[in-house]
Each structure stands twice: as C-alpha cells, then as structure tokens.
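Remarks on the structure that follows.
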Amino acid sequence: MSLLREEIVEELVKICGADAVVTDTEVLQESSYDRFRKYEGYNKVFTNPLPAAVVFVQDKKQVSEVLRFANANGINVVPRTGHSATEGGLETIVENSIVLDGSQMKKIINIDTYNMQATCECGVVLEDLENQVRELGYTTGHSPQSKPLAQMGGLVATRSIGQFSTMYGGIEDMLAGVEAVFPDGTITNIKAVPRRAAGPDIRHVVLGNEGALCFITEVTVKLYKYFPEYHVCQGYTLDDMITGIRIMRDVMTEGYKPSVARLYDAEDGKEHFSHFAPGKCVILFVTEGPEKVSKANAEGIREIVSKYSECTEVDHKLIETWFANLNWDAARIEEERKEVLETKNVCCTTEISANWSAVEEIYRICKERVVNEIPDITVFGAHASHCYSNGINLYFVYWYNVVDCAPEDEIKKYHLPIKKIICEETIKAGGSMCHHHGVGKHRVHWIDKEHGSALYIVKKLKAAFDPNGVMNIGTILPYKK
Ligand SMILES: Cc1cc2nc3c(=O)[nH]c(=O)nc-3n(C[C@H](O)[C@H](O)[C@H](O)COP(=O)(O)OP(=O)(O)OC[C@H]3O[C@@H](n4cnc5c(N)ncnc54)[C@H](O)[C@@H]3O)c2cc1C
C-alpha cells in the first residue's frame, strides 16, 4: 500500500530535520515543472501533480537514507540541483513524488592545482567554481550558457556541454571522478585518475543518467591553465549556412582546435547580429591556450576561411562584446518571463547532432517542414555551436506566437509538434535527437528509435540500478502505468 503524503513528509523530517523539508504550496508548484513548461509556469498554471515535499539534503548520508526510504516504499524521487533543466527532467508526473534537492551541498572540497583537478559537492554553482579557479589562473573549461544557474550535479547528470567545447570537450571529457548514491542507499565513489582500463568506464553509468539511476553527490573535474591574454577572436559574415557548415568541416578535419566555433543562420542571427550583419549568416571562432598554440590555431583557421570568397571579416570587438553577454542568470529569466507574458511570443529550442554527410539535409528538411506545418511561427533558425572531426551539432531556435490557446495547451499545439519533426527527421537521417539538453520527459517518445538495438543496454541499466522504478519516473525511458 502506498504511503500518504503526511507519512512521507513525517519520515523525511525524521531523516533530514523539519527545516530541510518544504511543503509550502508555492514551492511545490515551482518544483513540479521545469523550463519545458515555462509558458505554463509563467502563467501560473501547473498541470503536473504537486510533489509531497522538497527535501534539501545536506550530505550523502541523508541522500542515502532518503533514497532507501523511497525505494522501500515505491515513492518517485526527482533529483534536482540548479533547476535550469529544459526538457521536463524535473517534472513530477506521479502523485506524491519527493524532490531531492542537493543545492545546499555547496562545498568546494579541494582545488588541487598540482594534479590539475577540483572536487566539489553537487550543489556548487559552476560559475562559483570557475570564479575561484580563475583567481588562481586556471579554468574548468566548462561554460554552458546556464553557467550562473547550473550546478555540478545537474551538469554531470545531463551530459552538459559548454561554449568552449571544441577545445575542452563536453562534461564527459572533463569529469575525472564522481560520487553517486543509488536507490538502495549504496554510496559509490569512482576515483579520479587520468585513465584506466579496469573494465567498462563506469563513470558513464552516472554521466547523463538525468536522475533516473542515481543521485550525484560529489564531482571531480579537470583543470586547465587559463591564458585570457592570448585569446584570439575572429568573425565573418557570409550568405549561406551550408557554406558555413563546410567551413566548419574544413577547420575540424584539418585538425585545428578553436575553443569556440559557432555558425548562425540569418534567421537565428537576427536575434544577435542585426546591428552589424543584417540578413547575413555569421561564423566565428575563438582560439585560446598558450600564446603559440592560440596563434597557430587562429592563423590556420584564417587561412581556411580566406579560401571562401563570400566571407567578409568583421571587427572582432563586435563578436567579443556579444560573446561576453551570452550567459543567462536569474535576472535574464525574469526579463524573459515579463516579455513572454506581455507578447505571448515564446522561444524554445531543440539541439541535435549529426555526421557531416547528414547535417545539411537535416537543416534543410527541418526548416522546410516546421515553417510549412506549424502555425504562428515568427522565427525558425539554427546555429551550430559544437564541432567534432566527424560532425557537428545543430541548435534549432524557434519563436512562435501563442494564438487561441490556453497555457496548458501550448506545448501540445507548438513545442511538441516542432520537436517531433526535428527529432524524427534527425533520427531518420542517422543523427542523434539530443546533443546536450538530455532526454527529459519530452523526448522519451523517440528513445526507442534513437537507440535502436542498443536500447537493450539502457533498459538493462535501469532494471539493474533502479529495479523498483523510483528514480525520476518517465525520464529517459517512458512511464508505463
Ligand atoms: C538559459 C539556459 C541556457 C542553457 N545552456 C546550456 C548549455 O549551454 N549547455 C548545456 O549543456 N545545457 C544548457 N542548459 C540546460 C541546463 O542548464 C543543463 O542541462 C544543466 O546541466 C542542468 O543543471 P542543473 O544543476 O540546473 O540541473 P537541474 O535542472 O536541477 O536538473 C537537470 C536534470 O538532472 C537531474 N539531476 C539534477 N541534479 C542531479 C543530481 N545531483 N544527481 C542526479 N541527477 C540530477 C534532474 O533530475 C534533471 O533530470 C541551459 C539552460 C538554460 C535555462
């Protein structure tokens, strides 16, 4: 028999103390969704069942005890740290869930500049860690646009990636060691070493689990020396996105290593560059590292771009100023809330990845289909912001006016049908429907097609580590009642 809300709250208070357990209605409402339902949230419409409580854990022992209790009683647990999720990973879709919040675990445990790694608790905000290591002349190399909001546990749980990824990689390349607690209460610590071949790489069970297998309590990431004085920034306008993709391919396959490599089509670019590149695509690069490395990379990239006569270089200061203001903090989200309520014009995104041979067609077909099939679109554009030797990501950005539609119907009328087109066309072309935001609860519809025969592995992992199905129900794998 399932426990009553009061019984759940009572047990949580016993484990963590009354101050740590919050049942205030407004907090529960805000804890029942994430930015996937931001239009509903901004309109104060809450369609998911409210959780029984939000519990602010202080240490791994409390995490272990809460998980053991939930596991024994079949209670859904939604792990949370920075609350910046965009794909429904934080939605509480069944009655009486526990939101297990690690945001108060914010100790930076060790910054070890000799071994070039830093260890911190899951609730450390990335920007706080980055600021501290920068003061010492180092960087984590991680810089997602949500850097002021996202916390280390969530960043690992979602397989996040930052704006300097072309040089430093995604979080999977940065993560040296990690501590995680599994639903039966077992606390596991994967040690931080340069590399090992002691069986499968078990970090990858934890990385990207989106709270559907375990709760991450501690993270060790690598550090790099930081040389801001040697950053070289270059930007160009051009007419055609496809030419831009080919330039990116040349840069990557010739072996250059910019830290930032971004390409905007004219529609998406309108939002960012209309003051100096109206109607144009924009391609830009930053190189960094020690002086000789940064200069050599910049020179090689310049030589490649110069072979494309349609590219015109712009003043690098324009790009630098724009780039310095790209991140989102709480104030920017508040600005967005006001704007959305006033205009009913909503911006949402879907990011995918594909090999070089598939990406051009994915770009073309998604644009054509969304613009023709979805009503009230005001902008449909894309940029590429993460490049690899074998392919690239596309970050589709779309704006629509919400017309004749209740807040609770907005995702059904607009966001999900757009996502469906992008995910299905991408998978059909051999790409991945999800480059970095995670599957959450709204891309689960295509998880079988995404993985094909390898879905076997995902399902077995879930069955092995969460046999009672209490970890973030409906995330990564669909909820079957
Ligand atoms: C404006 C904006 C810009 C963004 N830009 C980027 C970007 O550039 N790159 C990028 O990768 N992402 C980006 N994101 C998405 C988001 O910031 C990332 O997914 C981030 O990693 C989430 O971290 P968080 O601490 O906020 O996690 P949360 O939002 O709290 O949770 C995210 C997911 O991880 C799970 N989770 C959280 N903490 C834990 C834990 N301790 N243990 C286990 N599971 C956990 C949750 O259950 C949920 O499924 C952006 C989001 C916003 C709002």
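The values are calculated or read from the model by the stated rules, or taken from the named source; none is laboratory data. Source: prediction; values computed, not measured. Neighbour counts are summed over all protein chains in view; Cβ atoms, including those assigned to glycine, are modelled from backbone coordinates with ideal geometry. We work out accessible area using only protein heavy atoms, side chains counted, and drop any ligands, DNA or RNA first. Shrake-Rupley method; radii C 1.70, N 1.55, O 1.52, S 1.80 Å.
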Q) Limited to region 268-282, what total is found for residues that are part of a strand (DSSP E or B) and under 17 Å from THR321 (Cβ atoms)? A) 1
Q: Evaluate the following for GLU91: is it farther than 21 Å from TYR226 by Cβ, of a type in the set (D, E, K, R) and assigned to a loop (DSSP other than H, G, I, E, B)?
A: yes
Q | Test for THR86: is it in contact with a Lys or Arg (Cβ under 8 Å, 6 or more places away or on another chain), within 16 Å of the ligand (Cβ to nearest atom), in contact (Cβ under 8 Å) with a residue 24 or more places away in the chain and open to solvent by 30 Å² or more (accessible area, probe 1.4 Å) | A | yes
Q) With respect to GLN145, is the statement that it is within 8 Å of the ligand (Cβ to nearest atom) and surrounded by fewer than 17 Cβ atoms within 10 Å (Cβ to Cβ) true? A) yes
Q: For region 103-116, state whether one or more residues are in contact (Cβ under 8 Å) with a residue 40 or more places away in the chain, assigned to a helix (DSSP H, G or I) and either open to solvent by less than 30 Å² (accessible area, probe 1.4 Å) or not assigned by TED's automatic domain parsing to the domain that holds LYS412 (or both).
A: no
Q) Among the residues of region 35-64 satisfying the criterion of being crowded, with 19+ Cβ neighbours inside 10 Å and touching a residue at least 60 places away in the same chain (Cβ under 8 Å), which is farthest from the ligand (Cβ to nearest atom)? A) GLU40
Q: Only one of these is of a type in the set (S, T, N, Q) and open to solvent by less than 60 Å² (accessible area, probe 1.4 Å): ASN468, ASN372, ASN393. Name it.
A: ASN393
**Q.** Single condition HIS386 does not satisfy, out of (1) more than 26 Å from TYR39 (Cβ to Cβ); (2) surrounded by fewer than 16 Cβ atoms within 10 Å (Cβ to Cβ); (3) not hydrophobic (A, V, I, L, M, F, W, C)
**A.** (2)
Q) What is the number of the single condition among (1) open to solvent by less than 50 Å² (accessible area, probe 1.4 Å); (2) in contact (Cβ under 8 Å) with a residue 12 or more places away in the chain; (3) among the small types (Gly, Ala, Ser) that GLY74 does not meet? A) (1)
(Q) For a quick check of your reading: which helices (runs of 4 or more DSSP H) sit entirely within region 4-83 and have at least 1 residues that are under 29 Å from LYS107 (Cβ atoms)? (A) 5-16, 25-30, 60-73
(Q) Please verify whether HIS415 is over 30 Å from VAL251 (Cα atoms) and not in a strand (DSSP E or B), treating the condition exactly as stated. (A) yes
Q. Would you call PHE182 of a type in the set (Phe, Trp, Tyr), within 13 Å of the ligand (Cβ to nearest atom) and touching a helix residue (DSSP H, G or I) at 6+ places or on another chain (Cβ under 8 Å)?
A. yes
Q. (1) over 30 Å from VAL439 (Cβ atoms); (2) surrounded by fewer than 16 Cβ atoms within 10 Å (Cβ to Cβ); (3) touching a residue at least 40 places away in the same chain (Cβ under 8 Å): which one isn't true of ILE242, the others all being true?
A. (1)
Q: Go through region 453-475 and give me each residue that's more than 23 Å from the chain's Cα centre (by Cα) and among the small types (Gly, Ala, Ser).
A: SER453, ALA463, ALA464, GLY469
(Q) Take GLU299 and tell me if it is in a strand (DSSP E or B) and open to solvent by 30 Å² or more (accessible area, probe 1.4 Å). (A) no
**Q.** Selected residue (only one of TYR256, TYR236, TYR264 is within 16 Å of the ligand (Cβ to nearest atom) and not assigned by TED's automatic domain parsing to the domain that holds THR139)
**A.** TYR264
**Q.** When residues of region 245-266 are limited to those that are more than 23 Å from the chain's Cα centre (by Cα) and open to solvent by less than 10 Å² (accessible area, probe 1.4 Å), the one nearest to LEU394 (Cα to Cα)
**A.** ILE247
Q. Out of region 152-171, which residues are in contact with a helix residue (DSSP H, G or I) (Cβ under 7 Å, 6 or more places away or on another chain), within 11 Å of the ligand (Cβ to nearest atom) and not aliphatic (A, V, I, L, M)?
A. ARG159, SER160
